[in-house]
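The values are calculated or read from the model by the stated rules, or taken from the named source; none is laboratory data. From a predicted model like this one, the values you see are computed outputs, not experimental measurements. Note that we place each Cβ from the backbone using ideal geometry, even for glycine, and neighbour counts take in every protein chain shown. Ligands, DNA and RNA are excluded from the accessible area calculation, which covers all protein heavy atoms including side chains. Shrake-Rupley method; radii C 1.70, N 1.55, O 1.52, S 1.80 Å.
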Amino acid sequence: MLRDLETVHPLGENKEWPEIRNTLRTWRKENIRCSDKTVELGEYAIKHFSANLGNEKWAVYEQVCVAALDMCPAKMKLVNKCIQVLSEQFPSSLRVSMLEGLKLEYLKKWEAALEMYDGMIEYEPTFPAPYKRRVAIYKAQNKIVDAVNELNKYLGTFSCDHESWLELSDIYTAQQNYSNALFCIEEVLLQYPHNHLYHQRYADILYTLGGKDNLEVSCKYYSKAAELNPGNVRALFGLQLAATTLSSIGKTVEQSKVGPPIAGSVGERHD
């Protein structure tokens, strides 16, 4: 997942080579999305320090190309230049083809982009990126059913991709298909059983579904989330709400008595 960083500063007038190289490396490694600064430093590095970059310059070209796409149409010439240079160096590279596909997406040439991604999938079925881009294209066109079908197809092959399970859960939740959303979070919990946020998310969906059985189970998952992270106020508050709702529908006091102590815990964290 890309991380936006508003406080990243370029190196000003005194651009020293080691600083430029290390800055660009850090932004690539940590997926920091600061497109304008990446373009500025990347262009400067390619122009003035191409020999120092060695083989790393190809990674910089790719990094600059992706950043320049964020700044189009102003930087379309730079995008074309990067793709041309990389295509000449790596004529059969799937990563270069991905850049061409991203350019087509920017131009809203959806069918051409889908056709390109289809060719990449046929050439290398184990390369996950084109599958994900197909999902992005369908979402951009608001073709939610196609996006869901594409995600299910992708997860049939790459079942350990928890981010895609989370994305599919988001789509199902937005469509109020809570049963399928629960299934997606279950898949994530199998992979990350100690992540408190996923326990909380599972409990949230159960609470939304409502009904005594779902509320009882949601209490267990809220409790587990709070156990894994005592500072998770949302889990504590969710547990209080679920317990209070259970009490209102006639649940025994003993099973729903967690409400008042949890309310105190939430209050303490707000004081």
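Picking from Val148, Val188, Val135, which residue would you name as being of a type in the set (Val, Ile, Thr), closer than 23 Å to Tyr221 by Cα and buried (at least 19 other Cβ atoms within 10 Å of the Cβ)? Exactly one residue qualifies, and that residue is Val188.
Among Leu228, Leu209, Leu215, which is open to solvent by 50 Å² or more (accessible area, probe 1.4 Å), at pLDDT 90 or above, under 20 Å from Ala181 (Cβ atoms) and under 30 Å from the mean Cα position of the chain (by Cα)? Testing whether each residue is open to solvent by 50 Å² or more (accessible area, probe 1.4 Å), at pLDDT 90 or above, under 20 Å from Ala181 (Cβ atoms) and under 30 Å from the mean Cα position of the chain (by Cα) leaves just Leu209.
Anything in the range 137-160 that is under 18 Å from the mean Cα position of the chain (by Cα) and among the acidic types (Asp, Glu)? List them, or say none. Walk me through it before giving the result.
So in the range 137-160, the residues under 18 Å from the mean Cα position of the chain (by Cα) come out as 137-140, 144, 147-148, 150-152, 154-155, 158-160.
Within the range 137-160, just Glu150 meets the criteria.
Let's see how each residue does on (1) among the hydroxyl-bearing types (Ser, Thr, Tyr); (2) touching a Ser or Thr at 6+ places or on another chain (Cβ under 8 Å); (3) more than 30 Å from Lys77 (Cα to Cα); (4) not in a loop (DSSP other than H, G, I, E, B):
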| site | (1), (2), (3), (4) |
| --- | --- |
| Gly101 | no, no, no, yes |
| Pro125 | no, yes, yes, no |
| Ala147 | no, no, yes, yes |
| Gly156 | no, no, yes, yes |
| Gln200 | no, no, yes, yes |
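From the list Leu239, Leu182, Leu166, Leu189, the one residue that fits, being over 30 Å from Pro125 (Cβ atoms) and aliphatic (A, V, I, L, M), is Leu239.
Answer with yes or no whether Ala242 is within 20 Å of Glu186 (Cβ to Cβ), at pLDDT below 95 and buried (at least 18 other Cβ atoms within 10 Å of the Cβ).
Details: within 20 Å of Glu186 (Cβ to Cβ): yes; at pLDDT below 95: yes; buried (at least 18 other Cβ atoms within 10 Å of the Cβ): yes.
Against the criterion (within 20 Å of Glu186 (Cβ to Cβ), at pLDDT below 95 and buried (at least 18 other Cβ atoms within 10 Å of the Cβ)), Ala242 qualifies.
Annotation note: Cβ proximity below 6 Å between a residue of the range 74-88 that is over 13 Å from Leu102 (Cβ atoms) and a residue that is open to solvent by 20 Å² or more (accessible area, probe 1.4 Å) and in a helix (DSSP H, G or I) (sequence gap 6+ or interchain) occurs for Val85/Tyr61.
Conditions (1) among the β-branched types (Val, Ile, Thr); (2) more than 21 Å from Tyr131 (Cα to Cα); (3) assigned to a helix (DSSP H, G or I), marked per residue:
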position	(1), (2), (3)
Lys47	no, yes, yes
Leu69	no, no, yes
Cys72	no, yes, no
Leu86	no, yes, yes
Arg95	no, no, yes
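Summed over the range 151-185, the residues that are within 19 Å of Lys139 (Cβ to Cβ), surrounded by 15 or more Cβ atoms within 10 Å (Cβ to Cβ) and of a type in the set (A, V, I, L, M) give a count of 6. Condition test on Glu163, is it in contact (Cβ under 8 Å) with a residue 60 or more places away in the chain, assigned to a helix (DSSP H, G or I), under 30 Å from Glu100 (Cα atoms) and within 19 Å of the chain's Cα centre (by Cα)? Taking the combined requirement at face value, the residue satisfies it.
Looking only at residues of the range 5-45 that are exposed (fewer than 10 other Cβ atoms within 10 Å of the Cβ) and not in a loop (DSSP other than H, G, I, E, B), we find that the one that is modelled with the lowest pLDDT is Pro18.
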